[in-house]
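Here's the structure we're looking at; comments come further down.
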Amino acid sequence: MLIALFAFSPKALSRRLTSLSVTIGLQRFAEQPKYTEVNPGQDALLVCKVIDKRGVCSWQKDNKPVGIYPKKYEWASQYGIGQTAHVGGDCSLWVRAAQLEFDDGLWECQVTASDFTTQDALTSQPVRLVVRVPPQRPRLEHEGVHVPPGHNVTVDSGAVATVKCVSHYGNPPAQLKWFLEIRY
């Protein structure tokens, strides 16, 4: 086989080697983004790494394209001041100074195909970036009416009552647990 390669002209050999390198390794994810929580005003890193990357990286949030903007959305692998390209197979994105109204949502890392015939374009699974918001204090409601702190809920033996523990506005939503003390 090696002898046959020398029979090609240098130009034909170059085309064959290029064709060989394209078919050996299709681009694929080494690491996809994961669920991430961040406090308002802090930075979040959405990791996305691609093996044999030859396409162009991009991101979308809630099914809409996200641009690269200095001091807001930046490639994690930036090199040098003012550069906007990503390096190698690292398509990771910094979300700077996270804000609930702009950054909370479902994010996807995407890479265009190596070329139009290869069809190896990539889209990660959507992952949630949560910009944390503290919930309101939990409160009790008995039959839909607020029970002030320190007050008891009394129900006749054998009666059915609806008592809810509610907390609003948390992101992610608060996890509430009941601890029931039964007195006789």
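The values are calculated or read from the model by the stated rules, or taken from the named source; none is laboratory data. It should be emphasised that the depicted structure is a prediction, and the values quoted were computed from it without experimental measurement. Heads up, the Cβs are rebuilt from the backbone with ideal geometry, glycines too, and the neighbour counts pull from every protein chain shown. When the accessible area is computed, the model is the full protein with side chains, heavy atoms only, and any ligands, DNA or RNA have been set aside. Shrake-Rupley method; radii C 1.70, N 1.55, O 1.52, S 1.80 Å.
Is it the case that the range 83-103 has a residue that's among the polar types (S, T, N, Q), surrounded by 12 or more Cβ atoms within 10 Å (Cβ to Cβ) and not assigned by the TED database to the domain that holds Val56? Scanning the range 83-103 turns up no residue that is among the polar types (S, T, N, Q), surrounded by 12 or more Cβ atoms within 10 Å (Cβ to Cβ) and not assigned by the TED database to the domain that holds Val56. The residues in the range 99-113 that are of a type outside the set (D, E, K, R), touching a strand residue (DSSP E or B) at 6+ places or on another chain (Cβ under 7 Å) and within 30 Å of Arg54 (Cα to Cα) can be counted, and the count is 6.
Each row is one residue, and each column tells you yes or no for (1) more than 22 Å from Asn171 (Cβ to Cβ); (2) of a type in the set (Phe, Trp, Tyr).
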residue: Phe29; (1), (2): yes, yes
residue: Lys49; (1), (2): yes, no
residue: Cys57; (1), (2): yes, no
residue: Tyr69; (1), (2): yes, yes
residue: Leu93; (1), (2): no, no
residue: Gln99; (1), (2): no, no
residue: Glu108; (1), (2): no, no
residue: Ser114; (1), (2): yes, no
residue: Ala121; (1), (2): yes, no
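The number of residues in the range 95-131 that are assigned to a strand (DSSP E or B) and either closer than 13 Å to Glu37 by Cα or aliphatic (A, V, I, L, M) (or both) comes to 11.
Scanning the range 129-159 for residues that are among the β-branched types (Val, Ile, Thr), modelled with pLDDT of 90 or more and over 29 Å from the mean Cα position of the chain (by Cα) yields Val145, Val147.
Taking residues in the range 35-58 that are at positive phi and surrounded by 19 or more Cβ atoms within 10 Å (Cβ to Cβ), and partners anywhere that are of a type in the set (Phe, Trp, Tyr) and assigned to a loop (DSSP other than H, G, I, E, B), not one pair has Cβ atoms closer than 7 Å while being at least 6 places apart or on different chains.
When the range 157-166 is filtered for residues that are open to solvent by 60 Å² or more (accessible area, probe 1.4 Å) and at negative phi, the ones remaining, listed by number, are Ser157, Val160, Thr162, Lys164.
State all residues of the range 141-156 that are farther than 15 Å from Glu181 by Cα and surrounded by fewer than 10 Cβ atoms within 10 Å (Cβ to Cβ); if no residue qualifies, say none. Gly144, Val145, Pro148, Pro149, Asp156 - these are the residues of the range 141-156 that are farther than 15 Å from Glu181 by Cα and surrounded by fewer than 10 Cβ atoms within 10 Å (Cβ to Cβ).
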